[in-house]
Amino acid sequence: MKNVIVTGGLGFIGSNLIDLLLKKEYSVINIDKNTYSSNFYNVKEFKKNKNYRYIKCDIANKKLSKIIFKFKPVGIFNLAAETHVDRSIDSPNSFIHSNIIGVFNILEIFRNFSKKNKRSKLIHISTDEVYGDILNGRTKETYPYNPSSPYAASKASSDHLVSSYVRTYKIPAIVTNCSNNYGPKQHPEKLIPKLIYNILSNKKLPIYGKGQNSREWIYVKDHCEALIKIFEKGKLGNFYNIGSNKNLINLEISKKLLKIAKKKIKVGKNVKIEFVKDRPGHDTRYALNSNKLIKQLKWRPQTNFESGLKQTFEWYLNNLNYFKSLNKKDILSRLGLKSNS
């Protein structure tokens, strides 16, 4: 059985990826430093699986080298990152530490490791936000980076670091840039689980500005399927966009969720859409062109948005203890209002 390492495996995408890797008969080592967005609830169903192991470690820590050389993974999926734009506005430090310093540490270790383990690959998972505001069309992999937030800038920096190590040191690595994910196990600081939490808690539904910001949405399992396909079949040194080609404005998502909720539960009288002050530098639209992945690797998303949203709502409804496993302050606090104005 082949070992793979998933960094950030206690998080949303990481835990969903581990689930899929185990089903595909990989042996998985989950490396996570266990921050506010990490959650052992996310991995409880495979905690007793003999092919799963958790190790607490910061990707910026030199201890990571011993882990990698000990387990000799055929692949490393780097999902360990600070990801919330609003938090990056209020406190960029942790974003620089994890998303830049941490990736640099992985690259230095992997540079030495891959000399003797030539079949191993590093898959670095990034975001569509590195491209910045895309008012028209859809961005290909060759589109210039133009990040707007400290979060997006830190991810853009990490992408460039990986690319430079591919070119300079010939490390076997691939970078992926994905659109907004949604699905089970996502922290309610993000839009969809935040709205679901508020619906279930009889609270108002806060929407930035006028709710016109447009995002491309992909169901997390589809993203994870794409990551495994890229790992197994992708061309080393390449960048791959992963998206659904499905854009929706935030206001539409709120209305769709309310419609789903009303069929499942009795919605409280306080559950109403409330427009709140926008965050600084909020991009209007992100949109990816994923034709390269579709044509070269024959991948396509399998979950339409309505079905995925319904599955997501049902998961939270059936896992109310998930919310209890989180710090309430992390769910309720309003971030991203700091600016120099």
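The numbers here are math on the coordinates, done by the rules we state, and not lab data. A quick note: this is a predicted structure, and the numbers were derived from the prediction, not measured. Neighbour counts run over all protein chains shown; Cβ positions are idealised from the backbone, glycine included.
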### Query
Which semi-axes, in whole Å and largest first, does the equivalent ellipsoid of the chain have when worked out from the alpha carbon gyration tensor as the square roots of 5 times its eigenvalues?
31, 22, 19
### Message
What lysines does LYS229 reach when the alpha-carbon gap must be under 20 Å and sequence neighbours fewer than 8 apart in one chain are set aside?
### Response
LYS2, LYS23, LYS24, LYS118, LYS121, LYS140, LYS221, LYS292, LYS295, LYS298
### Residue-wise HN-Hα coupling along segment 131-144, computed from phi with Karplus coefficients 6.51, -1.76, 1.60 (Hz; x: Gly, Pro)
7, x, 6, 10, 6, 9, x, 9, 8, 7, 5, 8, 5, x
### Query
Quick one: if you stick a label point 7 Å off each Cα along the C-beta vector at LEU135 and ASN321, how many nm between them?
5.1 nm
## Note on the structure
For TYR54, other-chain or 5+-apart residues with amide H closer than 5 Å (H placed, Pro excluded) are ASN30
### Query
In terms of modelled amide H atoms, which long-range or inter-chain residues lie less than 5 Å from the amide H of CYS178?
SER126, THR127, ASP128, ILE242
### Message
Within segment 199-242, list the residues whose amide N lies under 15 Å from a label point set 7 Å along Cα→Cβ of GLU45.
### Response
220-222, 224-225
### segment 1-130 - Rg and Dmax from Cα coordinates, angstrom
14.2, 44
### Task
Just the ratio, please: alpha-carbon radius of gyration of segment 158-239 over 2.2 N^0.38 Å, N its number of residues.
1.50
#### Entry: For ALA173, residues with placed amide H under 5 Å, excluding near neighbours
LEU122, GLY237
### Message
Taking just the alpha-carbon atoms of segment 1-70, what radius of gyration and Dmax come out, in angstrom?
### Response
11.3, 32
### Query
Rounded to the nearest 5, what is the percent of antiparallel bridges among the DSSP beta bridges in the chain?
10 percent
### Summary
Applied in sequence order to segment 193-198, the curve 6.51 cos²θ - 1.76 cosθ + 1.60 (Karplus, θ = phi - 60°) yields integer Hz couplings, x standing for Gly and Pro, of x, 5, 5, 4, 4, 5
#### Entry: Assigned charges on the beta-carbon of Lys, Arg, Asp, Glu; segment 1-126 dipole about Cα centre (debye)
980 debye
### Query
Distance in nm between label sites at GLN296 and LYS70, each 7 Å beyond Cα in the beta-carbon direction?
3.5 nm
